[in-house]
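For reference, the structure is listed below as structure tokens.
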Amino acid sequence: MNKNLSRVFAVVCALVIVVLAVAPVMAQSEMKEKPPMYTYVGDWAIPRAQWGEMEKANAADQPTYEKAFSGGTIVGYGNDVTIVHQGDGQTHDEWWSAMSMAGLLNVLEQFYKSGSSTTPVLATATKHWDGIYVSRYYNWKPGSWKGIYTRVATYKLKPDAPNDAVETLSKNLFVPFFEKQLADGAIYEYEIDTQAIHTENPAMFSVVYLTPNAEGLDKVNGALQALMKANPLGGPAFGSMVDFSAHRDELARTNATYK
């Protein structure tokens with residue numbers, strides 16, 4: 001997100017938490033968590049001269065994904081090319097999602113056995129790391145798309161934040177907002193992720209959504225701006241829960257398939 005959009009999220013979150021202080025308990029329980037969805041993400045920093053070879057490697061992985069997808073082992077899969085690059089960040093990733101850790105790791109084993117994880121283009125990577133995430137708040141439209149956009153906003157909770165901070169924000173802010181964007185066609189998928197295997201700070205969480213085109217990014221931004229304008233109370237609550245100095249954003253071009 002740009003700085004203005006990030007600030008909008010912060011103000012809206014603050015508003016929601018202030019409202020929660022006086023809202024009936026029944027209203028807070030309307031948005032329920034779903035069964036855990038696990039996502040494996042493999043990130044690489046690939047030299048620019050090898051980007052074409054990375055596209056070929058992604059295409060070669062499709063039969064493994066399609067078999068796992070049609071058999072019900074995974075519910076979604078895809079790959080990303082980073083648009084806004086960082087000096088020490090990734091350029092490419094591949095990912096897949098399953099409703100169990102077993103389903104996630106069974107696909108990973110298939111890649112190990114096929115030799116896909118040791119292809120020549122991956123050997124050129126200057127950096128590589130993996131992550132396994134879990135989400136209990138998510139939704140999507142079934143389909144397969146190429147050249148869409150993925151937005152990721154990552155936050156870090158403060159040490160004294162409530163234990164249910166991510167749950168509270170998800171139920172009362174993220175889910176209602178993104179369900180509306182999903183219904184309006186501005187996004188294809190969203191999820192609120194925490195790490196299932198803590199290779200990073202356990203206080204981190206990420207808000208992820210996929211838009212069909214660049215206009216979708218503007219629609220989400222505009223909807224946030226409108227929400228803030230309609231509810232101008234704001235307040236310091238979000239800032240009291242989140243260490244905003246640790247906030248980071250990602251923007252990627254994505255190919256994705258969801259059941």
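The values are calculated or read from the model by the stated rules, or taken from the named source; none is laboratory data. Predicted model only: the values in this text are computed from it and were never measured. A quick note on method: Cβ atoms are made from the backbone with ideal geometry, for glycine too, and the neighbour counts reach across all protein chains shown.
At a glance:
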quantity	calculated
Complete set of residues in segment 192-231 that are of a type in the set (Lys, Arg) and either assigned to a loop (DSSP other than H, G, I, E, B) or surrounded by 14 or more Cβ atoms within 10 Å (Cβ to Cβ) (or both)	Lys219
Single match in Ser100, Ser117, Ser70 (criterion: over 19 Å from Thr254 (Cβ atoms) and either at pLDDT below 95 or in contact with a Gly (Cβ under 8 Å, 6 or more places away or on another chain) (or both))	Ser117
Unique match (being at negative phi, in contact with a Phe, Trp or Tyr (Cβ under 7 Å, 6 or more places away or on another chain), part of a helix (DSSP H, G or I) and modelled with pLDDT of 95 or more) among Leu122, Leu105	Leu122
Hey, Glu94 part of a strand (DSSP E or B) and modelled with pLDDT of 95 or more or not	yes
Single residue of segment 135-184 satisfying the filter (assigned to a strand (DSSP E or B) and among the basic types (Lys, Arg)) that is farthest from Lys34 (Cα to Cα)	Lys146
Residues satisfying the stated conditions in segment 121-146, i.e. closer than 14 Å to Val75 by Cβ and among the polar types (S, T, N, Q)	Ser135, Asn139, Ser144
Pair list, Cβ < 7 Å and 6+ apart or interchain, from segment 91-105 residues that are of a type in the set (S, T, N, Q) to residues that are modelled with pLDDT under 95	Thr91/His85
Scan of segment 133-156 for residues that are among the hydrophobic types (A, V, I, L, M, F, W, C) and touching a Pro at 6+ places or on another chain (Cβ under 9 Å), ordered by number	Val134, Trp145, Ile148
